[in-house]
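Below is one structure, written out as structure tokens; comments come after it.
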Amino acid sequence: MSVFNKSRSYIIRIIFLSVFIIIIAQLVNLQLVSNKYLELAKNNAVFQKIVYPERGIIFDRNGKAVLNNTIMFDLMVTPAEVKNFDTTSFCNLMQIDTAEFRTRIINAIVKNSRVRPSIFHSLLTPEMQARFEENSWRFPGFVLQQRPVRTYPYNVGAHILGYISEVDGKDIERSGNFYRMGDYVGKNGLEYSYERVLMGQRGVQYMIKDNKNRLVGHYENGEFDTTAIAGRGLKTHLDVELQVLAEKLLANKVGSVVALDPKTGGILAMASGPVFDPNDLTGPDKNKNYQRLILNVRAPLLNRGIKGRYPPGSTFKPLGGLVALDEGVITPSYGYPCPGRYYGCGAGKPACTHSGGGHAANLRLAIANSCNSYFVQVYRMAVDNPRAGGLRKGFEGWMDYMHKFGLGVRLGVDLPSEDKGNIPTVAVYDKEYRGSWNSCTNLTLGIGQDKMLATPLQLANAMCIIGNKGSYYTPHFVDSIDGETAADAPILARYREKHEVLTHISDTAYNAIINGMNDVVTRGTARVAMIPGIDVCAKTGTAENYTILDHRRIKLKDNSMFVCFAPKDNPKIAIAVAVENAGYGATWAGPIARILMEKFLLDSLTNKSKADLERISNTNLMPSYYDRLQYITDSTRAEQWAKIRKDSTGLRRYLRGGGQKAAPKKDSAQTGGNRKPEPKPEPKKPSALIVFLTEDRKYTRPVTVFDEFI
């Protein structure tokens with residue numbers, strides 16, 4: 001054999017040996033090192049089933065479950081496994097069309113990829129669930145996923161409890177990818193604020209699938225399964241029976257009720273009107289119900305307890321009197337002539353219906369009789385106080401008092417999206433009046449008007465400060481967490497801290513205010529709030545309102561405002577009530593507050609309150625202009641939709657004028673469906689004026705741009 005042939009034979013042997021080594025190495029890798037094909041095999045035979053934990057339960061102060069859990073099922077889809085599929089049969093089973101089927105599959109792929117399970121249809125009805133279970137073997141790629149969902153035994157608390165829904169991309173991003181598609185998360189209310197406590201910890205079960213895609217048992221007898229851990233419960237200060245009563249009283253009304261425990265800052269009740277059933281935002285119809293609620297111009301989803309911005313009106317007067325006392329510009333014996341109009345700024349405004357005869361001979365009488373002139377004057381004295389060093393510093397000092405009372409700042413309640421109301425600043429007036437203004441410019445701040453706005457929560461908290469003589473606890477719902485740990489301490493610590501913001505003010509000053517508020521009930525403007533055997537301290541307030549509709553400004557009925565606390569010497573409850581466009585403070589808000597105080601303090605209602613409960617709960621005070629506003633809003637949406645989709649079907653009924661509502665000339669209360677006749681409105685004046693009513697005392701001032709939006 002030649003040398004050349006020997007060399008070629010050697011090379012061939014090396015090639016065969018190299019191929020053999022490569023094959024052996026790959027076999028070792030596949031069987032001993034890599035788990036790629038094991039995972040592929042598992043994916044074909046093993047289904048990773050997420051076990052969602054039960055969320056924590058929320059209890060009221062007496063241990064009653066305000067919300068609970070029940071079990072429903074989501075239909076999950078893994079798009080990559082949807083093969084050899086009878087789409088028509090599946091769509092008939094699920095009562096959808098093929099276009100909707102394709103849209104949902106595409107959305108699942110976009111949101112969560114082809115190989116991960118996504119929700120195809122959330123919270124199936126029992127009938128739909130049963131139909132799918134009988135036919136599941138026919139539809140590879142689809143499985144049922146057990147889901148704990150919320151139930152509400154008392155059907156109340158929608159605004160404060162919030163709701164849960166599937167996470168979206170932003171939720172996942174904010175959580176640092178802690179959440180996955182298909183997880184549910186608290187979207188509002190206590191469900192949102194205490195998500196980390198209530199959520200629990202998800203578990204995983206590895207289930208074996210047969211050749212027909214049916215789950216037939218646990219993989220490796222459950223050796224790799226992890227157990228779901230239920231969320232922890234919350235005990236709140238909420239009195240669910242009081243909450244039921246508050247929501248009943250606000251039926252067919254726009255407004256809010258907030259009741260606090262002055263000793264702890266615990267929120268006993270918080271209702272917002274229009275009310276709605278929290279069960280509407282759970283179960284198979286939750287998306288449809290949410291769309292209906294969000295498109296309602298009456299804004300039923302808005303929690304007006306923390307988001308409603310109202311001029312306090314005369315409910316502010318006790319605060320203004322206390323500031324003047326602490327500034328030393330008046331004493332409890334200070335009196336003012338109160339001739340019927342305030343002439344301190346030359347215009348004779350605002351006016352007072354009650355005048356003369358010792359009507360405001362001292363602070364206590366001025367509060368009881370709600371004298372506008374008196375409180376406008378003491379506001380000006382506080383702001384113009386020479387010791388402050390000038391108007392601007394005096395006004396800034398007055399603002400600081402307001403912030404200590406909790407006005408114009410967020411209190412820090414354990415609900416998201418709290419509004420801070422509005423206390424105007426020096427900069428605001430400098431801009432509006434080009435630096436040329438004085439205490440006459442904004443004198444109606446002294447009676448809770450001008451640019452002052454407050455939420456019902458802020459007003460109730462201000463009553464706690466007066467009742468406690470200078471201190472308060474941050475208003476909150478949650479009293480304790482089940483199995484409370486050191487990690488929970490920062491969550492609740494801020495609600496257990498006592499804020500002594502105005503405790504430096506003397507008892508003499510506080511007693512003058514408190515006694516005056518007690519006189520309001522015994523012989524003043526709030527006698528409707530009297531409760532046998534209990535000393536109640538209260539203050540009424542009323543302010544007229546306008547809105548813009550059909551490009552013109554229309555007059556609405558007055559806001560009915562009321563604040564109170566009781567008992568006088570040892571307050572156990574403080575309440576603020578606002579009923580929009582309802583009339584005087586003593587007409588509607590006052591009786592609502594009295595009924596709630598009786599229920600909480602006496603655990604029963606007098607015959608008078610029982611009668612008022614039926615009268616008020618059955619009275620429709622929903623502002624009638626909302627009908628026209630809803631029509632305008634719906635028709636505008638229909639027009640926009642027609643332009644986008646090139647389909648005028650939804651617009652036709654508006655083009656024909658069907659269902660069109662005439663713009664109301666004046667708002668009115670409705671009782672039993674019968675509208676009372678209203679007098680014709682006065683002709684529109686060339687220069688726009690806004691009219692306010694404090695108790696029954698009117699005055700006017702020029703409208704500012706700010707007024708057009710409140």
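The values are calculated or read from the model by the stated rules, or taken from the named source; none is laboratory data. None of these values were measured; they are calculated from a predicted model. Using ideal geometry, Cβ is built from the backbone for each residue, glycine included, and neighbour counts are taken over all protein chains shown. For accessibility, only protein heavy atoms count, side chains too; no ligands or nucleic acids. Shrake-Rupley method; radii C 1.70, N 1.55, O 1.52, S 1.80 Å.
Quick notes on this one:
- Loop-located chymotrypsin sites (Phe, Trp or Tyr not before Pro) in the range 306-409 (DSSP state other than H, G, I, E, B) with a sparse environment of at most 15 neighbouring Cβ atoms within 10 Å: TYR343.
- Annotation: the chain has a Kirkwood hydrodynamic radius of 29.5 angstrom, from the mean reciprocal C-alpha pair distance.
- Restraint check, LYS539/LYS610; LYS307/LYS420; LYS431/LYS555, Cα-Cα greater than 19 Å: LYS539/LYS610; LYS431/LYS555
- Estimated at the nearest 10 Å², the accessible area of ARG232 is 70 Å² with a 1.4 Å probe.
- Shape category assigned to the range 407-549 from the gyration tensor of Cα positions, a/c cut at 1.5: oblate
- Three-way shape call for the range 85-124 based on the alpha-carbon gyration tensor, with the a/c threshold at 1.5: prolate
- Shape box of the range 336-439 [Cα atoms, principal axes, largest first, Å]: 49, 36, 25
- The range 253-290 and the range 378-430: distance between their alpha carbon centers, rounded to Å: 30 Å
- For the range 464-490 versus the range 83-131, the gap between their alpha-carbon centres in whole angstrom: 46 Å
- Rg over Rh for the range 258-410 works out to 1.14, both radii taken from alpha-carbon positions and Rh defined as the Kirkwood radius.
- Between the amide H of LEU268 and those of ALA259, LEU260, ASP261, distances stay under 5 Å, these residues lying 5 or more places away or on another chain, with hydrogens modeled in the peptide plane.
- Nonlocal amide H pairs with GLY233, under 5 Å, H built at 1.01 Å: ILE57, ASP482
- Sulfur and carbon atoms: percent of accessible area, the chain [1.4 Å]: 52 percent
- Based on every Cα atom in the range 548-600, Rg and the maximum pairwise Cα distance Dmax equal 14.9, 51 Å.
- Between the range 501-539 and the range 610-650, the Cα center-to-center distance that results, in Å: 41 Å
- Helical content of the chain, expressed as a calculated mean residue ellipticity at 222 nm, amounts to -10500 deg cm²/dmol (DSSP H runs of 4 or more residues, -39,500 (n - 2.57) each, divided by residue number, nearest 500).
- Accessible area (Å², per residue) of the chain, counting only protein heavy atoms and a probe of 1.4 Å: 46 Å²
- Phi angles of the range 511-519 translate, via the Karplus equation with coefficients 6.51, -1.76, 1.60 and θ = phi - 60°, into HN-Hα couplings of 5, 4, 5, 5, 5, x, 5, 5, 5 Hz per residue; Gly and Pro are given as x.
- As an equivalent ellipsoid, the range 150-309 spans semi-axes of 37, 19, 15 angstrom, where each value is the square root of five times an eigenvalue of the C-alpha gyration tensor, largest first.
- Hull shadow area, averaged, the range 501-558 [alpha-carbon convex hull, nm²]: 7.0 nm²
- Annotation: peptides 511-519, 76-84, 106-114, ranked by per-residue average of other Cβ atoms within 10 Å with the highest first, follow the order 511-519, 76-84, 106-114.
- Calculated Rg and Dmax of the range 224-267 using C-alpha coordinates, Å: 17.5, 55
- The range 144-150 - phi-based ³J(HN,Hα) in whole Hz, Karplus 6.51/-1.76/1.60, Gly and Pro as x: 8, 10, 5, 9, x, 10, 7
- Mean separation of Cα contacts under 8 Å, 6 or more apart, over the residue count of the chain: relative contact order %: 12 percent
- Taking the Cα atoms of the range 371-424, the ratio Rg/Rh between the radius of gyration and the Kirkwood radius comes to 1.11.
- Solution diffusion estimate, µm²/s, Stokes-Einstein, the range 104-230, Kirkwood Rh from C-alpha pairs, 37 °C, viscosity 0.692 mPa s: 193 µm²/s
- Taking amide H atoms as placed 1.01 Å from N in the peptide plane, the amide H of LEU549 lies under 5 Å from those of ILE554, each 5 or more residues away in sequence or on another chain.
- Vicinal HN-Hα couplings computed from phi for the range 432-440 (Karplus, 6.51 cos²θ - 1.76 cosθ + 1.60; Hz; Gly/Pro x): 6, 10, 6, x, 10, 8, 8, 5, 6
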